[in-house]
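Once you've had a glance at the structure underneath, I'll fire off some questions.
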Amino acid sequence: MKLYRPATILVGILFVLLGGLTRLATPEHVYDQQNIKVEHGTIGQALDFTGSGSTVKVTRIKFARTVLDSSAGDDDKPIDTNGIYVAIEWDTVRGDRKPDSIEPTLTADGGSVYEPAEGLNNSNLDFPNAGYARAGTIVFEVNPTDMKNLTLRLRSMMLFNVYNSEIQVDLGIPTEAIAQQMADTAAPQYIVESSVTRVAS
């Protein structure tokens, strides 16, 4: 009977584990619906993020042609765009565990995927310490001709966990006519305020 040394067994186990992690890291597995819990909601709904008791709520959306950080100096000019800025005001509450890194995007029926706008220090979405809530704004620059069914998507990607979660918030633009109306009535400017932390109620 052939005996294997402990080192040989450990190397074999290591290869099996690495193979499993590699398989989990492939896009086919990460985006497999069996591997993702998706929480759907609308403006005003507090949605549980990653099952940790931490919640995210979109409180309001605003459309603007230019944006400016509230911390900007007198010489700073508003940032303009050939499209439209969508400012999403949010409220987060920390639960038992702080969620892992968040990847926020906006998606539209036309297939566009929008990333957060650059150049704005106050534009972000995060969670406070335990026992606290936080309110803030995240800003996206979008194409006004592709805003139908805009959806805020928040995904938590956990490298060493086979279970991922995502929040999808319908921003209430069900038709192209409403999208056009939003673009036509966009405010000249939106001031991006710093996030505010308070004791959770």
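Got a number for the accessible area of residue 127? Probe 1.4 Å, square angstrom, nearest 10.
Per-residue accessible area (residue 127): approximately 10 Å².
Here is a follow-up. Compute the distance in nm between two label points, each set 7 Å from the Cα along the Cα-to-Cβ direction, one at residue 36 and one at residue 80.
Each label point is offset 7 Å from its Cα along the Cβ direction, giving 3.7 nm.
Still on this model: If you keep only loop residues by DSSP, which trypsin sites (Lys or Arg not before Pro) in the stretch 86-187 have at most 15 other Cβ atoms within 10 Å of their Cβ?
Qualifying residues, ordered by number: 97.
Another one. In the stretch 34-199, carbon and sulfur make up what percent of the accessible area (probe 1.4 Å)?
46
In nm, what is the difference between 0.36 nm times the number of residues separating residue 59 and residue 135 and their Cα-Cα distance?
26.4 nm
Can you tell me the length gained on complete extension of the stretch residue 168 to residue 148, counting 0.36 nm per residue apart and subtracting the Cα distance?
Roughly 5.7 nm would be gained on extension.
Modelled label-to-label distance, residue 71 and residue 185, 7 Å Cα→beta-carbon offset: nm?
Placing both labels 7 Å along Cα→Cβ, they lie 3.3 nm apart.
Between residue 43 and residue 175, what is the label-to-label distance in nm when each label sits 7 Å out along the Cα-to-Cβ direction?
Result for the modelled spin labels: 1.7 nm.
Can you tell me the Rg and Dmax of the stretch 34-199, counting just the alpha carbons, in angstroms?
Cα only, the stretch 34-199: 16.0, 52 Å (Rg, Dmax).
The values are calculated or read from the model by the stated rules, or taken from the named source; none is laboratory data. Treat the numbers as computed from the prediction; the structure is a model and nothing was measured. Every residue, glycine among them, receives a Cβ derived from its backbone with ideal geometry; neighbour counts consider all protein chains shown. All accessible areas refer to the heavy atoms of the entire protein, side chains included, with ligands and DNA or RNA removed. Shrake-Rupley method; radii C 1.70, N 1.55, O 1.52, S 1.80 Å.
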